[in-house]
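Colleague: I am attaching a structure below and will ask some questions about it afterwards.
The values are calculated or read from the model by the stated rules, or taken from the named source; none is laboratory data. Please read these numbers as outputs of a predicted model, since none were measured by experiment. Backbone-built Cβ (ideal geometry, glycine too); neighbour counts: all protein chains shown. The area values use the complete protein model at the heavy-atom level, side chains included, leaving out ligands, DNA and RNA. Shrake-Rupley method; radii C 1.70, N 1.55, O 1.52, S 1.80 Å.
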Amino acid sequence: MRTFVAAVAVLIGLAMAAVAVPAMWVDRNIVQEDGFVGLTAPLGKDPVFQQRLAAAAVNGIGFGGRQLPDALAAVVRPILDDAAQSLTAMPGYSDAWAETLRRSHRLSFADPGTLPPEVAGTTSLTLDVAPLVGLVVARVSAVSPVPLKAPDQVRISIGQANQRQLIERVSAYAPMGSAVAVGSAIAFILAFVAARRKWTVLAGIGVGALVLAAVWKFGADAVSRLVLGTGNANDVAEIFKREFVAASTAGFGQWIMAALVAGAVLLGGGIILRVAGARRPAPNVRR
């Protein structure tokens, strides 16, 4: 009976871990703002993405006939384009890019009831590059005949329709990963306490962790191919999607590697415990 209880507890613990680990990673690196910024910050260093983002930032500055006469606009436009080319070298670029990511995260993961009216009806993800536009405008205003005013929002759609509904589900369920992980740990402890042969529990959990690592790797690759297979309406969205998928795959890959190491250690520990137990002399029984 104890062996049966231990086996069931191990299986339950592994099943819960299979769900808990991906959920915890998504919660920490995508749902939480700081994790999202840390994951996506390196995207701002990609040269091709920089070029497309700078062009989008310049196009978001609406000075044209509304702010400048056409003659002055023709003078300012080359200055604006030159400033965009050196966007990443400007002081404050890193902070502006981080603020861009924070604004974009709030637009994508905020409660729908708190979204601005112009965004509330959209179903795709949105990137707000207004902080980057502010850098360009400040640089151009210093040398242009007429000061320019930076817009409050410059939003670029970077996702597909109905993705916001998926984000809402992820935001609701991903934070539960920690609680499921605690349940998994309790199941493993129960299995270890109930088992007659402790080494079998360690080895079983180790083998299960190795199997789960392979499943997570397969699942991560499948999701990456699915996301990369979707089309986008603009170059900025396509590059952002590609780099975001690469960063996510690499980040979750570190957790998979940790699971492989933990599984190997537990399996090795179980085998060592088994060998040590087999070599231990049986106690003498006096009649």
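Colleague: With the requirement that a residue be open to solvent by less than 20 Å² (accessible area, probe 1.4 Å) and outside any helix (DSSP H, G or I), what does segment 182-226 give you?
Modeller: Answer for segment 182-226, where residues must be open to solvent by less than 20 Å² (accessible area, probe 1.4 Å) and outside any helix (DSSP H, G or I): just ALA195.
Colleague: Of the residues ALA222, ALA262, ALA278, ALA250, which is of a type in the set (A, V, I, L, M, F, W, C) and modelled with pLDDT under 80?
Modeller: Values: ALA222 fails: modelled with pLDDT under 80; ALA262 fails: modelled with pLDDT under 80; ALA250 fails: modelled with pLDDT under 80.
Going through ALA222, ALA262, ALA278, ALA250 in turn, just one is of a type in the set (A, V, I, L, M, F, W, C) and modelled with pLDDT under 80: ALA278.
Colleague: Still on this structure: Mind listing whichever residues of segment 14-59 are small (Gly, Ala, Ser), closer than 24 Å to GLY251 by Cα and either surrounded by 20 or more Cβ atoms within 10 Å (Cβ to Cβ) or modelled with pLDDT of 95 or more (or both)? Please lay out each step first, then the result.
Modeller: From segment 14-59, those small (Gly, Ala, Ser) are 15, 17-18, 20, 23, 35, 38, 41, 44, 54-57; that's our starting set.
Now narrow it down to the ones that are closer than 24 Å to GLY251 by Cα: 15, 17-18, 20, 23, 35, 38, 41, 44.
Selection gives ALA15, ALA17, ALA18, ALA20, ALA23, GLY44.
Colleague: Kindly establish whether GLY177 is in contact (Cβ under 8 Å) with a residue 60 or more places away in the chain and either under 17 Å from PRO22 (Cα atoms) or open to solvent by 30 Å² or more (accessible area, probe 1.4 Å) (or both). Outline the logic, then answer.
Modeller: Numbers: in contact (Cβ under 8 Å) with a residue 60 or more places away in the chain: yes; either under 17 Å from PRO22 (Cα atoms) or open to solvent by 30 Å² or more (accessible area, probe 1.4 Å) (or both): yes.
Yes: the conditions hold for GLY177.
Colleague: Select from segment 116-168 the residues that are touching a Lys or Arg at 6+ places or on another chain (Cβ under 9 Å) and part of a loop (DSSP other than H, G, I, E, B) and write down the one among them that is modelled with the highest pLDDT.
Modeller: Here the answer is VAL129.
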